[in-house]
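Participant: The structure follows.
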Amino acid sequence: MPISPPRSWVEINLENLKKNLSYAAEKSGCEIMAVVKAGAYGHGLERIAEVMQQQGVAFLGVANIGEARRIREAGVDIPIYLLGATWEKEREEIVARNITPCISTLSEAESFNQLAETRGVKLSVHIAVDTGMGRGGFLPDQLAENIIRLRELESLLIEGISSHLSSSDEDEDFTYRQIASFEDSITQLGGAEKFKWRHLFNSGGIIGYKKGTCNLARPGLMVYGVSPFPEFQKNLHLVMSLKSRISIVRTVPAGHSLSYGHSFITTEPTRIATVGIGYGDGYPRQLSGKGAHVCIDGKKFPILGRVTMDQLIIGLPIDSNVSPGAEVELFGEHISVDEVATLADTIPWEIFTGITTRVERVYL
């Protein structure tokens, strides 16, 4: 059967991904744990993991064992780190696949130790310290009372120590307090030499703060080309562009309603085009009526009326020569994902990870 070209797709520029990865390593002065959770921020988990392995990163960071399983089944064999606490029923597979968990409680550590002992293996783990994120980890004043027991668990190798910055792009004072708390925790546990890996900094931390005793960094958003700090955006390179095509071009009369809810009524004869993308593809419905634009051949055109599940309508000059099949940029070279996120009252992370599976990933 013939195969049609995609109606909507994202272009993933792998050379730009590599440039951003190099910048993260240079800026942090650390080995890299590339964060590839949520389908590598919507860029495609397996393919991005393969590229990260080729580039020699020390770890891949994921949210759950399902993501780790997909990476292993894709033939990627570098260390994988679970970024959050684990549920009891996940732990046997984590041990079996030799995935590195973070340890937030003594009971979690004892559970992993028993499973590793049963399998006759030694499982590498990292101690998680809650310096202010609140999602998990030992509180700093709990470390001393727990470290002796943790080190007695013979089937665990305490390879690293970690924490997570909650506000590195928003609250400098609080971030410095988190950094100080993490450094104090390392000292309390015997110093940096006790841990092969010490990691705290996300993209905002890498760009905005000094690494201290950390020797592993966890870039996420910046690897995909977006800086948490606008002044550093010039140092990063766009990786993802969201595109679609015009399906039909028409001229409608004055007084004609466009899209659901007739929230937009034409005031004069209007040239319009329908674009084959909508919130079912991950382009936010919240952009409706917000003054959002798309780009065709370097020129911007306004979105008229509501974004629907599968389509949206744009306005054209009455004498426009735009025709069906024309390529439309929703964000990319001419329209930044930051602009789209701001108009949708959200963040670039949500825009990237919201691109659905029916949007084809095209790797350049």
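Participant: What does the charge add up to near E31, with Lys and Arg as +1, Asp and Glu as -1, over the other residues with Cβ less than 14 Å from its Cβ?
Facilitator: Combined, the nearby Lys, Arg, Asp and Glu give +3.
Participant: Treating the angle as unsigned and between 0 and 90°, give the value, to the nearest 10°, between the Cα long axis of helix 143-152 and the longest Cα principal axis of the chain.
Facilitator: 70
Participant: Relative to the longest principal axis of the chain, what angle (0 to 90°, nearest 10) does the C-alpha long axis of helix 14-28 take?
Facilitator: In the chain, helix 14-28 runs at an angle near 40 degrees to the longest axis.
Participant: Quick check: net charge around G315, other residues with Cβ under 15 Å of its Cβ, Lys/Arg +1 and Asp/Glu -1?
Facilitator: Summing Lys and Arg as +1 and Asp and Glu as -1 gives +4.
Participant: Could you tally the net charge around P230, taking each other residue with its Cβ under 15 Å from the Cβ of P230, Lys/Arg +1 and Asp/Glu -1?
Facilitator: -4
Participant: Also, quick follow-up: Sticking with the crude label model, points 7 Å out along Cα→Cβ, report the distance from E339 to E172 in nm, one decimal please.
Facilitator: Rounded to a tenth, the inter-label distance reads 2.9 nm.
Participant: Let me ask something else about it. Over the range 14-226, what lengths in whole Å, largest first, do the semi-axes of the equivalent ellipsoid take, defined as the square roots of 5 times the eigenvalues of the alpha-carbon gyration tensor?
Facilitator: Those come to 25, 23, 13 Å.
Participant: Tell me the GluC sites (Glu not before Pro) within the range 146-220 that lie in a loop according to DSSP and have at most 14 other beta-carbon atoms within 10 Å.
Facilitator: E154, E170
Participant: Next question. Mind jotting down the distance between the C-alpha centroids of the range 99-118 and the range 156-231, whole Å?
Facilitator: Going from one Cα centre to the other spans 23 Å.
Participant: Separation between the A74 and T118 pseudo-spin-labels, each 7 Å from Cα along Cα→Cβ, expressed in nm?
Facilitator: Taking the two extended label points, one gets 3.0 nm.
Participant: Where Rh is the Kirkwood radius over the Cα pairs of the range 240-363, the temperature 4 °C and the viscosity 1.567 mPa s, what D in µm²/s does Stokes-Einstein return?
Facilitator: 89
Participant: Can you tell me how much longer the chain between W87 and I148 gets when fully stretched, taken as 0.36 nm per residue apart minus their C-alpha distance, in nm with one decimal?
Facilitator: Length gained, W87 through I148: 19.6 nm.
Participant: May I have the extent of the alpha carbons of the chain along their three principal axes, as whole Å values ordered from largest to smallest?
Facilitator: For the chain, the Cα spread along each principal axis is 78, 52, 36 Å.
Participant: Along Cα→Cβ, 7 Å out, is where each label goes; now give me the distance between the ones at Q188 and R97 in nm to one decimal.
Facilitator: Distance between label points: 3.3 nm.
Participant: Let me ask another. Compute the separation of the alpha-carbon centres of the range 21-96 and the range 125-150 and state it in Å as a whole number.
Facilitator: Using only Cα atoms to place each centre, the spacing works out to 23 Å.
Participant: I want to verify a result. In a Gaussian network model of the chain, Cα cutoff 10 Å, which of these has the top mean-square fluctuation: S247, S168, S203?
Facilitator: Comparing S247, S168, S203 in a Gaussian network model of the chain, the most mobile one is S247.
Participant: Given a Förster radius of 41 Å and the C-beta distance between I265 and A63 as r, what FRET efficiency does 1/(1 + (r/R0)^6) yield to the nearest 0.05?
Facilitator: 0.35
Participant: Report, in listed order, any pair from K19/K234; K18/K290; K27/K196; K37/K300; K122/K194; K89/K194 with a Cα-Cα distance greater than 24 Å.
Facilitator: K18/K290; K37/K300; K89/K194
Participant: Let me ask you something else. For the modelled label position 7 Å from the Cα of H256 along Cα-to-Cβ, which residues of the range 269-305 have backbone nitrogen atoms closer than 13 Å?
Facilitator: Correct set: 269-274.
Just so you know, all these numbers are worked out from the coordinates, no wet-lab data involved. The shown structure was predicted, so the numbers you read here are calculated from the model rather than taken from an experiment. Glycine also receives a Cβ, built like all others from the backbone with ideal geometry; neighbour counts cover every protein chain displayed.
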